[in-house]
Protein chains: 2
Amino acid sequence: MSKDPAMLNAFNPDASHALSDHGRALVEKRTRLLGPAYRLFYEEPLHIVRGEGVWLYDEAGRAYLDAYNNVASVGHCRPEVVAAIAHQAGVLNTHTRYLNEGILNYAERLLATFPRELSQVMFACTGSEANDLALRVARRHTGGTGIIVTELAYHGVTATVAEMSPSLGSAVPLGSHVRTVLPPDGYRGGRNGEADIGAAFAREVQRAIDDMLRHGVKPAALIVDTVFSSDGVFTDPPGFLREAVETARRAGALFIADEVQAGFGRTGSKMWGFERHGVIPDIVTMGKPMGNGHPVSAMVAKPDVIEQFGREARYFNTFGGNPVSCAAAMATLDVIQRDGLQQNAAKIGTQIRDGFRALAERHNIVGDVRGDGLFIGVELVRDRATKEPATQETAYVVNEMRRNGVLISSTGIRGNTLKIRPLLPFTAENANLLVDAAGEALRTL
Amino acid sequence: MSKDPAMLNAFNPDASHALSDHGRALVEKRTRLLGPAYRLFYEEPLHIVRGEGVWLYDEAGRAYLDAYNNVASVGHCRPEVVAAIAHQAGVLNTHTRYLNEGILNYAERLLATFPRELSQVMFACTGSEANDLALRVARRHTGGTGIIVTELAYHGVTATVAEMSPSLGSAVPLGSHVRTVLPPDGYRGGRNGEADIGAAFAREVQRAIDDMLRHGVKPAALIVDTVFSSDGVFTDPPGFLREAVETARRAGALFIADEVQAGFGRTGSKMWGFERHGVIPDIVTMGKPMGNGHPVSAMVAKPDVIEQFGREARYFNTFGGNPVSCAAAMATLDVIQRDGLQQNAAKIGTQIRDGFRALAERHNIVGDVRGDGLFIGVELVRDRATKEPATQETAYVVNEMRRNGVLISSTGIRGNTLKIRPLLPFTAENANLLVDAAGEALRTL
């Protein structure tokens, strides 16, 4: 648990022989100028110079099918979004202390995608900032400080959010007011292998609450990434969140749905991850794909939840909700809705999972295929009965697929789940290419 | 001290009769969609639809000379920056887990503007995020938690940074590890009216350290906005920071220079505010004008200061240092350097201060004219001997100038200092217009 799973496949500077001379020079320059905090994906890092649609291109002109980056969600350099940014940047870019229609028009369009209880929105620039704001709001509203997150949750990198992001590893201590719970793992079951995932997850939440109260910590929020991405991608059965949310609310805590990864149609069946569970969160946060790569994020909430915070504390984020950010976000939402990308995510996601299930028939190492829409987890195990994690094999598959021109990563506490998040405009042909590349990697294991 | 000084001039929704029908409709829509946390500048809020150079335009086509917004520092919709954003957004926008030359080229150019000890840079999206990261780094490096800020400091809005931003008002509690000190006020003197501002400020810092230690809190950092913007704009005499920085370091604390407002040439005499004090910070943070409105920020540090944090905690900010942000920042820096905007800030800033000093000869209410380059404070007092703050009069001047088409604001704990931050390409003619509008407002007091 001391390593970010995404980093299990990270470049090891000691292995820089795998790089071209130019690549090695870039790595050295990076270390010199940016210091030791930055990591590179893959045993052989990529030097990316261009993006278009579902493809990224390296300096030699080689194309990579992007089945990982959920930020450029509607396609790299999507022309409609680029045009919207270029136009608005040339007309006006200022802040929310003047009246401007762009933010209001976008707010209206965004809120229309939510249940009507969630009727107000505040803007920031990153998912970290949105989650940080959600915490400030939850604390003010409940008067509590206690936070419940899953075992390997990732919610961001501000000081407050990092201390409730156990996936950052043991070198980043959790806050004394933070409790972790086992994720709703439909493959391995609850703590004692329970089959009722919802009940098991709710019991975990109740244990966390009991422990908090025993320590004199008043609960403020249960926050989950609604696809449990860093925990290993857990989406089924739909509805499993309901009981846990009720449990948290009985203790006076709010339910915060972190949609930074799941949101904006990626899960196919719904626009937002929480919807598939039939719950209405008190607060929803979003970011990454919101502006297709432009830094914009938001927090949507029930009005009574932000009332006290708004009145007493106020909130001004210099760049948050600026006209260019809102134009980028509006163009992105336009493309999602006009091109039916949520429906495409549902269709192509099913095709990809079917493809992996077909691979499972030939490769015993494929233990579980799960996810919804274009958020997919494929768990690799050495033995289907014992479910022994195939961690090294997973790293091999990720790196082998990268060598073969397809970009994915891995996730989960054991690092043995392929993390697959294709861009939303993936075609059936792109999906075949992805599954074939995975099949080829599994074949050469 | 319970109000953000910038908000003393804020729109009061109860006074919406001052608005046009359309303006009133926008205000109502804003309250409905964005909730109660957002504030508008001026008794009569502006509905801004376009920006160009040093001008903003409202929906009726009326032009406003922008002598306030330090974000669009090289001019609203500056064509070179817009072109750089549009170009890069159409080529590639991805993250730091792939190799990319844009971030390295910019890092090299940016670091060249710093003393050579400050040789590594990390990227984020907002000034709040940069300060939040600086705190995480300072805590890790020193093993301490204690933070010293000035009485009315503003450093940002993440939970951790808000609790060390007393300017957010008493509704946002300070952290128990935070100590405030009186700012280095060259007009009113130190706590006992001391004339040696540097010695008085250092004594304040020592008092804060003593109090921290008495409470078992280990000092981590002294952080100051190097022009003390929200405290009232304090820049003179150059060098006054030295003794306080030495005091903090003797106690094991780092010195963090918050250049989010002061940086990138605004102070005229130097590129960075700390330089005029002859000190070399351990960490420098920057944001607002860095990308001329594009959300990009950074933290520059001595390598030994970030070494442990980088190795143990790592840092990945999805949008931080992305190719478009770096292109925007590079174009902005290009314009500043090629057009000699730092030198222009020095020249025009002097002209503006001279203009206000001429006004002081006719208007006794002008108690002090200060600042450096295009960061200017003009303190208004009812009596030059007692220095009784002219708070209401200051609000009148700000609102009257807005009615006459010139945008400024106010600052300081008494809300009686005009806060003037013209865009860097201000011409002599723009400066005359600004001073004339101020003179007209003072005349009609």
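The values are calculated or read from the model by the stated rules, or taken from the named source; none is laboratory data. Only a predicted model underlies this, so the values are computations on that prediction, with no experimental measurement involved. For neighbour counting, all protein chains shown are included, and Cβ atoms are generated from backbone atoms with ideal geometry for every residue, glycine included. For the accessible areas, the whole protein counts, side chains as well, though only heavy atoms, and no ligand, DNA or RNA atoms are used. Shrake-Rupley method; radii C 1.70, N 1.55, O 1.52, S 1.80 Å.
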key: Residue satisfying all of: in segment B:156-179; more than 18 Å from the chain's Cα centre (by Cα) and more than 30 Å from A:Ala171 (Cα to Cα); surrounded by the most Cβ atoms within 10 Å (Cβ to Cβ) among these   = B:Ala171
message = Take the residues in segment A:105-150 that are within 19 Å of A:Glu307 (Cα to Cα), out of contact with any strand residue (DSSP E or B) (no Cβ under 9 Å at 6 or more places or on another chain) and outside any helix (DSSP H, G or I); name whichever of them is farthest from the other protein chains (Cβ to nearest Cβ).
response = A:Pro115
inquiry  = If a residue must be of a type in the set (D, E, K, R) and more than 7 Å from chain A (Cβ to nearest Cβ), how many such residues does segment B:277-293 contain?
reply    = 1
remark   = All conditions in (1) under 25 Å from B:Ala328 (Cα atoms); (2) of a type in the set (A, V, I, L, M); (3) part of a helix (DSSP H, G or I) are true of B:Met271 except (3)
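Could you please find all residues in segment B:395-434 being hydroxyl-bearing (Ser, Thr, Tyr) and over 20 Å from the mean Cα position of the chain (by Cα)?
B:Tyr396, B:Thr427
With the structure loaded, tell me whether B:Tyr64 is within 24 Å of the chain's Cα centre (by Cα) and hydroxyl-bearing (Ser, Thr, Tyr) or whether it fails that test.
Criteria met by B:Tyr64.
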query = How many residues does segment B:294-317 hold that are in contact with a Gly (Cβ under 7 Å, 6 or more places away or on another chain) and either over 15 Å from B:Asp132 (Cα atoms) or within 7 Å of chain A (Cβ to nearest Cβ) (or both)?
reply = 3
message = Looking for something in contact with a His (Cβ under 7 Å, 6 or more places away or on another chain), within 30 Å of A:Asn430 (Cα to Cα) and within 11 Å of chain B (Cβ to nearest Cβ) - is there at least one such residue anywhere in segment A:35-47?
response = no
key: A:Leu174 being assigned to a loop (DSSP other than H, G, I, E, B), modelled with pLDDT of 95 or more, outside the structural domain of A:Thr411 (by TED's automatic domain parsing) and of a type in the set (A, V, I, L, M)   = yes
note = The residue that is surrounded by the fewest Cβ atoms within 10 Å (Cβ to Cβ), considering only those in segment A:73-102 that are at the interface with another protein chain (Cβ under 7 Å from one of its Cβ atoms), within 25 Å of A:Glu259 (Cα to Cα) and aliphatic (A, V, I, L, M), is A:Val82
request  = Confirm whether B:Gly320 is within 14 Å of chain A (Cβ to nearest Cβ) and either crowded, with 21+ Cβ neighbours inside 10 Å or assigned to a strand (DSSP E or B) (or both).
outcome  = yes
ask   = From the set of residues in segment A:204-235 that are assigned to a helix (DSSP H, G or I) and in contact with a strand residue (DSSP E or B) (Cβ under 9 Å, 6 or more places away or on another chain), which is most open to solvent (accessible area, probe 1.4 Å)?
value = A:Arg207
Checklist (1) small (Gly, Ala, Ser); (2) over 21 Å from the mean Cα position of the chain (by Cα); (3) more than 8 Å from every other protein chain (Cβ to nearest Cβ) applied to B:Ala153, failing item = (2)
inquiry  = When you scan segment A:411-424, do you find a residue that is among the β-branched types (Val, Ile, Thr), touching a Leu at 6+ places or on another chain (Cβ under 6 Å) and in a loop (DSSP other than H, G, I, E, B), even just one?
reply    = yes
ask   = Say we look at segment B:180-203 and pick out the residues that are outside any strand (DSSP E or B) and hydrophobic (A, V, I, L, M, F, W, C); which of these is most open to solvent (accessible area, probe 1.4 Å)?
value = B:Ala195
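I'd like to check something: does segment A:329-338 contain any residue that is open to solvent by 20 Å² or more (accessible area, probe 1.4 Å) and either among the hydroxyl-bearing types (Ser, Thr, Tyr) or more than 30 Å from A:Val91 (Cα to Cα) (or both)?
No, segment A:329-338 contains no residue that is open to solvent by 20 Å² or more (accessible area, probe 1.4 Å) and either among the hydroxyl-bearing types (Ser, Thr, Tyr) or more than 30 Å from A:Val91 (Cα to Cα) (or both).
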query = Among the residues of segment B:299-311, how many are at pLDDT 95 or above and open to solvent by 10 Å² or more (accessible area, probe 1.4 Å)?
reply = 5
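Residue-wise test of (1) open to solvent by 40 Å² or more (accessible area, probe 1.4 Å); (2) under 22 Å from the mean Cα position of the chain (by Cα); (3) within 7 Å of chain A (Cβ to nearest Cβ); (4) at pLDDT 75 or above.
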| site | (1), (2), (3), (4) |
| --- | --- |
| B:Pro5 | no, yes, no, no |
| B:Pro13 | yes, no, no, no |
| B:Ala18 | yes, no, no, no |
| B:Gly23 | no, no, yes, yes |
request  = With respect to A:Ala390, determine if the residue is farther than 30 Å from B:Pro166 by Cβ, within 14 Å of another protein chain (Cβ to nearest Cβ), open to solvent by less than 40 Å² (accessible area, probe 1.4 Å) and out of contact with any Ser or Thr (no Cβ under 7 Å at 6 or more places or on another chain).
outcome  = no
task = Return yes when B:Ala60 is open to solvent by less than 30 Å² (accessible area, probe 1.4 Å) and under 29 Å from B:Phe426 (Cβ atoms) and no when it is not.
result = no
